[in-house]
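What follows is a set of notes on a single structure, which appears directly below.
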Amino acid sequence: MNKNEGNTIMTEEVELMKGNEAIAHAAVRYGADGYFGYPITPQSEIMETLMELHPWTTTGMVVLQAESEVAAINMVYGGAGCGKRVMTSSSSPGISLKQEGISYIAAGQLPCLLVNVMRGGPGLGTIQPSQADYFQTVKGGGHGDYRLITLAPASVQEMADFVGLGFDLAFKHRTPAMILTDGVIGQMMEKVVLPPHRPRLTEEQIRKESPWASSGKPAGRKRNVITTLELDSAVMEQINIELQNKYKHIEDTEVRYEEIGCEDVDYLIVAFGSCARICQKTVELAHEQGLKIGLFRPITLWPFPSKILNRYADKVKGMISVELNAGQMVEDVKLAVNGKIPVEHFGRLGGIVPDPNEVLEALKTKLRI
């Protein structure tokens with residue numbers, strides 16, 4: 001695909017690939033320093049694609065299959081502490097095993113990129129898609145008061161785009177960022193425009209852009225110490241206050257969402273990821289029946305677009321949260337509207353994906369349209 005920009009012709013690289021493959025390609029092109037993971041369906045193609053790309057021979061990126069998920073997240077912890085662009089990926093049970101390490105990384109105020117391609121649970125569950133890790137991700141799956149910037153892609157293109165965005169937000173705020181997706185988006189194939197290649201940072205650039213990192217001690221600088229242990233309760237409280245102030249700043253500045261057909265509507269569907277894709281068709285079907293329905297898609301699940309939804313609660317008669325779970329994001333929707341209007345939930349479990357007509361019937365029944 002060619003685009004004319006002034007007198008310059010820019011050629012975009014368009015590929016047909018899975019969402020998981022798009023993440024791998026985007027990571028290499030972003031200039032990531034390292035990937036540490038462990039295979040689990042339905043995300044294994046991320047590591048498999050990275051192995052096929054051999055980035056260690058081109059960019060110098062390290063790609064390593066660790067001996068376990070616990071080992072992988074602690075390798076990320078070490079790499080992040082050095083100011084490196086490092087990442088890991090897994091699927092639901094594997095992310096559960098990483099929770100202690102994620103809490104450590106958040107407490108150490110270290111940037112990294114995490115990817116969860118969700119599958120049905122609880123337990124080993126199924127390899128089919130789910131969105132039941134919402135609570136685990138946005139409420140803090142590990143111990144302590146911490147948060148994860150959480151991006152929810154709804155297309156293969158966004159799987160690629162959110163790699164760079166996730167890394168950029170993680171380094172901007174010195175905190176882990178999560179791409180929370182599911183087996184539908186991870187396994188589906190679509191056309192994607194890959195991002196341009198960016199060179200990996202040199203050690204000198206890392207020391208300049210991440211002066212907090214344990215990347216070597218230049219003359220005249222104090223020794224950097226990265227730790228999450230503090231036995232003085234008063235000091236630990238100040239550390240927590242610093243984290244909470246950072247999270248408040250992120251809530252004020254990093255909210256992202258998409259509004260689809262939300263002008264002059266009576267009811268609102270709220271959905272993220274693959275469910276948002278399904279609900280786009282539901283909105284079309286509703287319009288054919290003369291129903292004024294819009295779709296609101298949170299792109300950041302944390303920070304959640306609560307203020308925007310609260311304003312919609314002054315305009316519409318009701319909302320329904322559509323999710324592949326028993327009802328998780330619906331709690332944040334209810335908190336956002338603060339009792340102004342009815343909020344209902346519709347979801348399927350065990351890896352079953354609803355069709356657009358099923359969603360429309362649920363909306364009409366639950367909101368009594």
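Here are some notes:
- The criterion of at least 3 residues that are more than 27 Å from Gly183 (Cβ to Cβ), modelled with pLDDT of 95 or more and not β-branched (Val, Ile, Thr) is met, among helices (runs of 4 or more DSSP H) falling completely within the stretch 2-92, by 69-81.
- Any chance Arg147 is within 19 Å of Thr253 (Cα to Cα), open to solvent by 10 Å² or more (accessible area, probe 1.4 Å), charged (D, E, K, R) and part of a loop (DSSP other than H, G, I, E, B): yes
- Given (1) farther than 30 Å from Gly351 by Cα; (2) not assigned by TED's automatic domain parsing to the domain that holds Ser90, number of the condition Pro199 does not satisfy: (2)
- Only one entry of Phe162, Phe167, Phe171, Phe135 meets the criterion of being in contact with a Lys or Arg (Cβ under 7 Å, 6 or more places away or on another chain) and part of a helix (DSSP H, G or I), and that entry is Phe167.
- Matching entry among Arg221, Arg297, Arg207, Arg198 (being assigned to a loop (DSSP other than H, G, I, E, B) and in contact (Cβ under 8 Å) with a residue 40 or more places away in the chain): Arg198
- Scope the stretch 97-132; condition of a type in the set (A, V, I, L, M, F, W, C) and assigned to a loop (DSSP other than H, G, I, E, B); matching residues: Leu110, Leu124, Ile127, Ala132
- Any hit, the stretch 189-196, residues being in contact with a Pro (Cβ under 6 Å, 6 or more places away or on another chain) and surrounded by 12 or more Cβ atoms within 10 Å (Cβ to Cβ): no
- Looking across the stretch 300-314 at every residue that is open to solvent by 80 Å² or more (accessible area, probe 1.4 Å) and in contact (Cβ under 8 Å) with a residue 24 or more places away in the chain, the one that is farthest from Tyr257 (Cα to Cα) is identified as Asp314.
- Any chance Asp182 is touching a Ser or Thr at 6+ places or on another chain (Cβ under 6 Å), under 25 Å from Tyr134 (Cα atoms) and not aliphatic (A, V, I, L, M): yes
- Selection within the stretch 31-50 - within 20 Å of Asp161 (Cα to Cα) and either out of contact with any Asp or Glu (no Cβ under 9 Å at 6 or more places or on another chain) or outside the structural domain of Leu194 (by TED's automatic domain parsing) (or both): Gly31, Ala32, Asp33, Gly34, Tyr35, Gln43, Ser44, Met47, Leu50
- Selected residue (criterion: least open to solvent (accessible area, probe 1.4 Å)) from residues of the stretch 214-248 that are at pLDDT 95 or above and of a type in the set (Gly, Ala, Ser): Ala234
- Index of the failed condition, Leu180 passing every other in (1) assigned to a helix (DSSP H, G or I); (2) assigned by TED's automatic domain parsing to the domain that holds Ile40; (3) closer than 30 Å to Gly121 by Cα: (1)
Per-residue answers, yes or no, for (1) buried (at least 20 other Cβ atoms within 10 Å of the Cβ); (2) more than 14 Å from Ile95 (Cβ to Cβ):
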| residue | (1), (2) |
| --- | --- |
| Gly37 | yes, no |
| Ile46 | yes, no |
| Thr49 | yes, yes |
| Leu53 | no, yes |
| Trp56 | no, yes |
| Val76 | yes, no |
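- Tabulated pairs, the stretch 89-100, first assigned by TED's automatic domain parsing to the domain that holds Ile179, second among the acidic types (Asp, Glu) and assigned to a helix (DSSP H, G or I), C-beta under 9 angstrom, 6+ apart or interchain: Ser90/Glu69; Pro93/Glu69; Gly94/Glu69; Ile95/Glu69; Ser96/Glu69; Leu97/Glu69; Lys98/Glu69
- Total residues in the stretch 103-118, condition over 16 Å from Met47 (Cα atoms) and among the β-branched types (Val, Ile, Thr): 1
- Complete set of residues in the stretch 300-323 that are of a type outside the set (A, V, I, L, M, F, W, C) and in a helix (DSSP H, G or I): Ser306, Lys307, Asn310, Arg311, Tyr312
- For the stretch 343-364, the count of residues that are open to solvent by less than 50 Å² (accessible area, probe 1.4 Å), at pLDDT 95 or above, over 21 Å from Ala132 (Cβ atoms) and in a loop (DSSP other than H, G, I, E, B) is zero.
The values are calculated or read from the model by the stated rules, or taken from the named source; none is laboratory data. Given the structure is predicted, the values throughout are model-derived calculations rather than measurements. Cβ sites come from the backbone with ideal geometry, for glycine too, and all protein chains shown count toward neighbours. These area figures cover heavy atoms from the full protein model, side chains too; ligands, DNA and RNA do not enter into them. Shrake-Rupley method; radii C 1.70, N 1.55, O 1.52, S 1.80 Å.
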